[in-house]
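Below are the structure tokens for one structure; questions will follow.
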Amino acid sequence: MSGRKQGETPADEGGSGTKPPRIKISKSSDAGDAKNVSKRLKDMEICVPIVCGTIAFYLGRKASESQSHKWTVYVRGATNEDLGVVIKKVVFQLHPSFNNPTRVVESPPFELSECGWGEFEIAVTLFFHSDVCDKQLDLFHHLKLYPEDESGPQTTKKPVVVESYNEIVFPDPSENFFARVQNHPAVVVPRLPAGFNLPNPAPIENMVERERGDTKDHPLSQWFLNFSEADELLKLAAARQQVQAHIVKLRRQLSVMDGLPQFSKPTAGYEFT
């Protein structure tokens, strides 16, 4: 099946800006908190770097008028780590001309492949596990089939790749969420205050034993883009989280100080600083 005619405005390929885009998810509703009895870690943030992209191959001699390209749309970890620890499922909304245009992928790797002849915008909706967030995140990605330089014949050897980098930020995460992901390589978490103990993480609902959903050995991984050294971006995000943890510590100290009795003047024999 085919999409509509080639669009005029390509998607932002990401990685071009000096500051990576951050998407902050609003706090879960009270109803969601009622279902998840885990306490929340106030004034903390968990960051999940992701990449949304498409890779399109020209079919060459195999091409027909309605199927000139084979393409794949996907959501992956910025360093190709398994996102299943955070994302429960992804819904891809294709052009209405496709059979069953609403595609649901319930396990990583979160991707789907199709054939067509036209470019169009794909709506990508992320759903998270219940202890992460009860809200969904809607993204939009432009499927691009044709290279920018169309002066020569299109090749079947090199695909057209469009990817965008984002950092999804979850403020005030639940203790269960924090406990599950604190050592996961795809997730950036702040340091907890000394002496703070987390509960044993609750298992993710409907999670079955399966191979890890990372994309390190993915057949298309050779074409994945490197977003200004994603590892460096992760380090920067980790540094931001450490600063945030320090701010939390200072706020708590100030809160304790505010609760102390106030004197109009120092009592003899004591010095207040």
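7 Å from Cα along Cα→Cβ at both SER113 and ASP258: what's the point-to-point distance in nm?
Distance between the two pseudo-spin positions: 5.7 nm.
May I pose another question? Along the Cα→Cβ direction, 7 angstrom out, place labels at GLN242 and ASP149. What is the inter-label distance in nm?
The answer from the label model is 4.2 nm.
Using only the alpha-carbon atoms of the range 96-159, report the extent along each of the three principal axes, biggest first, to the nearest angstrom.
Largest to smallest, the principal-axis extents are 51, 24, 18 Å.
Please report, in Å, the Rg and the Dmax of the range 44-203, where both are computed over Cα atoms only.
Gyration radius and largest Cα-Cα distance of the range 44-203: 18.9, 65 Å.
While we're on this one: Explain nothing, just the number: relative contact order of the range 71-195, from Cα pairs under 8 Å at least 6 residues apart, as a whole percent. Before the final figure, lay out each step's value.
Working: 165 pairs, mean separation 29.3, N = 125.
This gives 23 percent for the range 71-195.
Under a crude label model (7 Å from the Cα following the beta-carbon direction), how far is ARG251 from GLN182 in nanometres?
Simple spin-label model gives 1.9 nm for this pair.
No value in this document is a laboratory result; all are computed from the given coordinates. Since this is a predicted model, take the numbers as computed values, not measurements. Because the Cβ atoms are built from the backbone with ideal geometry, glycine has one as well, and the counts that use them run over all protein chains shown.
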